[in-house]
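What follows is a single structure, written as structure tokens, with notes after it.
Bear in mind these aren't lab numbers, they're just calculated from the coordinates by the rules spelled out. Fair warning: this is a prediction, and the values are worked out from it, not measured in the lab. Counting neighbours? That spans all protein chains shown, and the Cβs are built from the backbone with ideal geometry, glycine included.
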Amino acid sequence: MQAEVNIEFEQLVQLAKKLPSNQWKKLKKEVEEKECAESEDLVSLLLSAPTYSKKQLNEIAKTRKAINQWRTK
């Protein structure tokens with residue numbers, strides 16, 4: 001069974017400040033692990049994203065050059 005509680009941010013901060021030292025360290029560790037995991041997810045997403053081949057990059061460069069020449073006429 002789960003219960004949901006709506007707590008304002010300031011109330012949450014006050015509750016966190018009242019935690020004993022060992023629980024504060026545990027909470028801080030959990031938050032930092034979550035941030036690190038989210039960062040790792042982003043890195044893995046970016047590294048697994050599709051990339052352009054050299055042929056595609058050359059085609060893009062040619063197209064840009066042609067568009068720039070056309071615009072200056």
Charge dipole of the chain built from unit charges on the beta carbon (Lys, Arg +1; Asp, Glu -1), centred at mean Cα; most positive-end Cα among Asn68, Val43, Gln23 is Asn68
Calculated log₁₀ intensity ratio I(q)/I(0) where the Debye formula runs over C-alpha points of segment 1-66, q = 0.29 Å⁻¹ | -1.14
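Give me the extension gain from Gln69 to Ile7: residue separation times 0.36 nm, minus the current Cα-Cα distance, reported in nm with one decimal.
Result: 16.4 nm gained on full extension.
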Charge dipole magnitude, Cβ of K and R +1, D and E -1 - segment 9-71, Cα centre, debye nearest 20 | 420 debye
